[in-house]
Amino acid sequence: MSASDAASPGKPPPFEGLDTISEPDRLARYAVDGIRPSVAVLATDISDVEQAMADASAADMAVVPHGGRTMQCLGMPPQRYDAALDLSRMNRVVDYEPEDFTITVEAGMTLSALQQQLAINGQFLPLDHPHFEQATLGGLTAVGRGGLRRNSFGGPRDWLIGMRMVQADGTAIKAGGKVVKNVSGYDLAKLFAGSLGTLGIIVELTFKLRPQPASDQIIAIAAPTFIDAQRAARAAAETAPFLNGCIALSADAAAEARALGARVLHEEPTIVLRANGLESAATEVLSQALSAVREAGLDGPERRTSEIVETWQAIADLESQTPKEHVRLRLGLPPANLAQAQVLLEEHLNNPAQWIIAADSGLLFVSTPRVDADTIARLRRELGPLRGRLTIESAPPELKSPANVWGPAGAGARLMHNIKKQFDPHATLNPGRFVDGI
Amino acid sequence: MKTPTALVLELIEAIGDDAVVWHDEDLLVYEYDGTIDRGNPDVIALPADTDDVSALIRIANKHGAPVTPRGAGTGLSGGALAARGGVIIGMNRMRQILNVDAENKTALVQPGVVNLDLGIEAERHGLAYAPDPSSQRACTIGGNIAENAGGPHTLAWGTTTNHVLAVELVTADGEVQWIGHDTRDEPGYDLVGCVVGSEGTVGIVTQALVRLVPRPTAVRTMLAVYDSVRDASNAVSAVVASGIVPAALEMIDKMTIAAVEPVLNTGFPLDAEAVLLVEVDGPESQVEAEGARVESILRRFEPREVRSATDHEKREHLWAGRKGAIGALGQIMPNYYLLDGVVPRTKLPDVLDAVYEIAERYRLPVANMFHAGDGNLHPCLLFDEREPGATARVLDAGGEIMRVCVDAGGAITGEHGVGLEKRDYLPWIFTDADMDAMKALRAAFGPTENFNPCKIFPAGHGCGEAGHQHHAQQQIAKFGPKAFV
C-alpha cells in the first residue's frame, strides 16, 4: 500500500504538512531486509511523531522507526512495511544539569554527540555500542543491550531514568522522571528499552550519568591461541572482579579491530584488559589481572595505549562489522559456561571467524560465511543446558525466517504477546520483527 | 465461635489448616504495615511452595476475593495492606536461599528470604547483595522486588531493579512462568524490569535469581558534624562534583540527632545541625586515595569534627545513628509519618528549607534523614495519633511536602512505593494518558483488578475512604491537579 492509496475521500492524505520522502531512489536507504517503504517521514519534533503515528494508524500503514540504522540488520524481516519514521533530526539536548548528573536528549541524538557534550563537564554515559558516531540513543535503547562493559555498567535499562514515547495511535506519554531514583508508578521506560520499536516510538530519553574516571587504562597481551586468550581472560575476570572490561579476541578479530583504529592490536589472539578509577586503583586492578594472566601461561609483552576510546570503540564496532553476506551470531550466557559454549560453536560452525568474548559477563560474538537453519537449531538445543541464548545479529533475509533470528520464545512469550496487544493492537509498529512473531 | 467461610474452607483444603489464619484475633497483626493506614483481610494464607501460591490465587479468583501479597510487612506505602479485604498471601514460609553461584555471581532465593540473611550468605562467598534498605534485618527479598527497594548503598550500585535477573512469577491468573535470564539475554520485552517495582499488583514472585557484586576489599566510612544543613548539603555537592562516586552519602539532621544520641550513644553533639556519612569502597589503593580526598572536601565546609573508620566494628558504630534513626524517633513522639520524596540533588537545600517551613506551619516536629547522594529525602513528621486532629495535620503537611518535591522537578516516591498512601498524588506527575499506559501494562498480566487492589492509581470503585484519601483530595484541590515533571 502506498501513502496515496491509504487516503480516504474527504480526509487529508497521511503525513500532510510533514517532511516526507517518496522518491524510490531516496527511499533505498530505508530498506530493511530488502523491503522498501513507500514513504519516509522526517520528524523534527514530538508533534511530528504524534501526527505521523496518528496518520499511519488511521491509514493502517505499518511503520518502521529509524535512528542511525546501525542495527537495522537485527530482527526478522518486517511482515509489512509502509512508512519509515526517521528520528535522526531530533538530535537536540532538551535539558542538561551537570551538577545533578542527569541529561535529557531527543531520541535522534547520536551516542558520540552526547559523549562530546558530557565530556565538557567531565562526565559520560557508560554505554558501548557499535558505530557510536551514527548510533542514536533512541535506537540503541530500543535495541536495549549491554555492551562489552556490561559487567560493570549493565545496559541502557540501567541508566535510563525517564522517557517520552509516542504510542501507535499517536498519543504521547512519559515514564519515570528526571531524578536518579524513582518508584512513582510502573517503570515503563524499562518496558520500552529493548522493545525494538514494537510498542511505541521513543522520542526523548533522560539518563543518569557518571563522572569520567581520573584514569582509564588498557593493556593488550597476545596469546598463542584463541583458546589460551579465552582461558586467560576468564582467569583475569575471576581474580580481578573490579576490571572494567576483559575481552578475548581471535587473531582475525584483532586484525580487523586494528584496521578500525585499535593500533595497539596486531593479528594475533589477544586479551584486552581495561581498568579505571583513580590512577593507583586502576593500576592495582590491572596488576591483579595481569598476575592471573601470567599464571594462566601467557608470557607475551604488555602493550599499552593512550588511545583508550579509539581502541575500545574499534572492538565494539566489530560486533556489527561483518561482510553483508556473512552471518553474525551473538551468544549470552553465564560467564563460567563460555569455554564449553565456544567449543560447541567451533564444532558446529563452518569456518567461524572474528571471535570476541567478554569474559567477565558471558558475551560472545562470532561470524561465519554461511550456516543453515538446522545448525542454528542444533546449536540452540545444545546451548540450552548452558543457559546460552543465541541470536542472529545479521544475516541474509532468506536465512532469517527459517533460522529464527531470536530463537524460540521463552516462558514469557504469553505475557509479551499480551503486552504487544495492549500497546499496539493493530501491529502498526515493526510488525513481525521481534520475538515470536511480535 | 466464628464459622469459616466457603473461601476459608477451600484454602484450608488446598494448603492445610496450619497454613491458613482466619480467626479475628489472629488477623490483627496483618492489619498493619509501616504506614499509618490499615487494612482488614478476611484470611491469611501461608504457602509453602509455588504450586500453593498458584492454587491460592485461583481459589481467591473463583470466589471473587481480592488477593494481597505480603512479605515482612515493613513496607512504607501500604502495599501489603488488604485494602478491600480478601486473602493476604504471606510469603514468609518460602525462605530458602536455594543456591549461591559464586563463579557467575548470582543467587537463587525464595521471596521470604530476609535481605540481611542474603547479604550474610553472599559474604561467605566473598560477594555482596547491594540493595540494603534500612529495614534489612526484617524485610524480605520478595517485598524488596515488589517495591524496587533502595537503601544507602544503592548510590553506586543501583536499586533492586539493577540486581534482579530473573524471577519465577505467578501471575494474577494463577499461571506460573519463569521470566528473565541469568545474563539478561532472554530475547523479548524486559518483563523482569516491569515486575520489579510493580508493588505486587501483577503477580507474586516465588523465586528470584539475583545478581551479587564483588565485595570490596576495603571500605572507609567518614562522618562529619556540621553547624548548618546547608554546609552539609554543600559538602555533599562538592563530593559528588569531585568525580568520586561514593558507595553511600547520607545525612541526618538535628532532630534525628536528638532522637538517636540518648539511645545509641553515637557521641553526636546535641546542638549540631547535621551529620553527614560518606562511605567509599573498592580496591585498597582506591579507598585510601578517595578517602583522603573525601575527607579534605568534608573539611572545607568547616565541620566541627570528622571521624573516620575502616574496620567493620568502628564503621558499624558510625552507621548506628543513621541505621537506627527511625527506631529512635519513638523517643520524641509515639507516631511518625515517613515521606520519601526525591528531587534533583542540587535542589536539596532549598527543598529542605521548605520542609522545615511546612512542618513549622503545621506545628509538627520533623526529623530528616536521607540519601543525600541521590536526592532522596525522608522527612519524618512526628505526632501523637491520640491528639485530636494530629493525624489530619500530618497528612496535610505530607501532601505539601510531596508537592514541593514535584515542583522542584522531582517525584513523590524514591524507594518506598506509591501504594495506598500516595496513589491520589500520582496525577501530580503523570497525565491520564501516562497512567492509562501503566494500566495497559498491568492488564497484560491477567485479571489484575482484584489483585492487590486500590494501590498505585487514584482510587477506583470499591476502594472507599481508605486511609487519607480525603486529605489527598483536599491537597490536590488546593494546589491544582497537575504539575507535570
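Annotations for the structure displayed:
- Condition met for A:GLU393 (under 16 Å from A:ARG433 (Cα atoms) and in a strand (DSSP E or B)): yes
- Within the span defined as the range B:437-451, every residue fails to be surrounded by fewer than 24 Cβ atoms within 10 Å (Cβ to Cβ), closer than 13 Å to B:VAL342 by Cβ, within 22 Å of the chain's Cα centre (by Cα) and touching a residue at least 24 places away in the same chain (Cβ under 8 Å).
- Strands (runs of 3 or more DSSP E) within the range B:276-384 that include 2 or more residues touching a residue at least 24 places away in the same chain (Cβ under 8 Å) and under 26 Å from B:SER77 (Cα atoms): B:335-338, B:366-370, B:379-383
- One residue alone among A:LEU386, A:LEU364, A:LEU399 is within 12 Å of chain B (Cβ to nearest Cβ) and under 22 Å from the mean Cα position of the chain (by Cα), and that residue is A:LEU364.
- Checked against the criterion of being buried (at least 18 other Cβ atoms within 10 Å of the Cβ), part of a loop (DSSP other than H, G, I, E, B) and within 23 Å of the chain's Cα centre (by Cα), the range B:11-23 contains not a single residue that satisfies it.
- Of the helices (runs of 4 or more DSSP H) entirely within the range A:282-390, those holding at least 1 residues that are modelled with pLDDT under 95 and buried (at least 17 other Cβ atoms within 10 Å of the Cβ) occupy A:308-318.
- Residue, nearest to the other protein chains (Cβ to nearest Cβ), within the range A:328-351, restricted to residues that are farther than 18 Å from B:GLY180 by Cα and among the small types (Gly, Ala, Ser): A:ALA336
- Taken over the range A:91-105, the criterion of being touching a helix residue (DSSP H, G or I) at 6+ places or on another chain (Cβ under 8 Å) and away from chain B (no Cβ under 14 Å) is satisfied by A:ASN91, A:VAL93, A:VAL105.
- Count of the range A:250-288 residues, restricted to those that are touching a Leu at 6+ places or on another chain (Cβ under 8 Å) and either under 30 Å from B:GLU284 (Cα atoms) or of a type outside the set (A, V, I, L, M, F, W, C) (or both), is 11.
- Of everything listed in (1) surrounded by fewer than 23 Cβ atoms within 10 Å (Cβ to Cβ); (2) more than 9 Å from chain A (Cβ to nearest Cβ), the single unmet condition for B:GLY203 is (1).
- Hits in the range B:360-381 - residues which are more than 14 Å from chain A (Cβ to nearest Cβ) and either closer than 14 Å to B:ASP253 by Cα or of a type in the set (Ser, Thr, Tyr) (or both): B:TYR362, B:PRO365, B:VAL366, B:ALA367, B:ASN368, B:MET369, B:PRO379, B:CYS380, B:LEU381
- Just one of (1) in contact (Cβ under 8 Å) with a residue 12 or more places away in the chain; (2) part of a loop (DSSP other than H, G, I, E, B); (3) more than 14 Å from the chain's Cα centre (by Cα); (4) surrounded by fewer than 24 Cβ atoms within 10 Å (Cβ to Cβ) fails for B:GLU103. It is (1).
- Filtered residue count, the range B:265-303, keeping only those that are surrounded by fewer than 18 Cβ atoms within 10 Å (Cβ to Cβ) and hydrophobic (A, V, I, L, M, F, W, C): 2
- Candidates in the range A:423-438 are the residues that are crowded, with 18+ Cβ neighbours inside 10 Å and not in a loop (DSSP other than H, G, I, E, B); of these, the one that is farthest from the other protein chains (Cβ to nearest Cβ) is A:LEU429.
- So A:GLY170, is it at positive phi, surrounded by fewer than 24 Cβ atoms within 10 Å (Cβ to Cβ) and more than 7 Å from chain B (Cβ to nearest Cβ): yes
- Pair list, Cβ under 7 Å, 6 or more apart: the range A:22-36 residue within 14 Å of A:ARG69 (Cβ to Cβ), other residue surrounded by 14 or more Cβ atoms within 10 Å (Cβ to Cβ) and among the polar types (S, T, N, Q): A:VAL32/A:GLN72
- Looking across the range B:452-475 at every residue that is aliphatic (A, V, I, L, M) and modelled with pLDDT of 70 or more, the one that is surrounded by the most Cβ atoms within 10 Å (Cβ to Cβ) is identified as B:ILE456.
- Among (1) among the hydrophobic types (A, V, I, L, M, F, W, C); (2) out of contact with any Asp or Glu (no Cβ under 8 Å at 6 or more places or on another chain); (3) buried (at least 24 other Cβ atoms within 10 Å of the Cβ) - the single one B:TRP157 does not satisfy: (3)
- Condition check for B:ALA444: modelled with pLDDT under 80 and either out of contact with any helix residue (DSSP H, G or I) (no Cβ under 8 Å at 6 or more places or on another chain) or within 13 Å of chain A (Cβ to nearest Cβ) (or both): no
- Checked against the criteria, B:GLY193 counts as within 25 Å of A:ASP424 (Cβ to Cβ), small (Gly, Ala, Ser) and free of Cβ contacts under 8 Å to residues at least 60 places away in the same chain.
- Qualifying residue in the range B:176-187 (condition: away from chain A (no Cβ under 12 Å) and at positive phi): no
The values are calculated or read from the model by the stated rules, or taken from the named source; none is laboratory data. Bear in mind that the values here come from a model prediction, so they are computed numbers and not experimental data. Quick reminder, even Gly has a Cβ in these numbers, built from the backbone with ideal geometry, and neighbours come from all protein chains shown.
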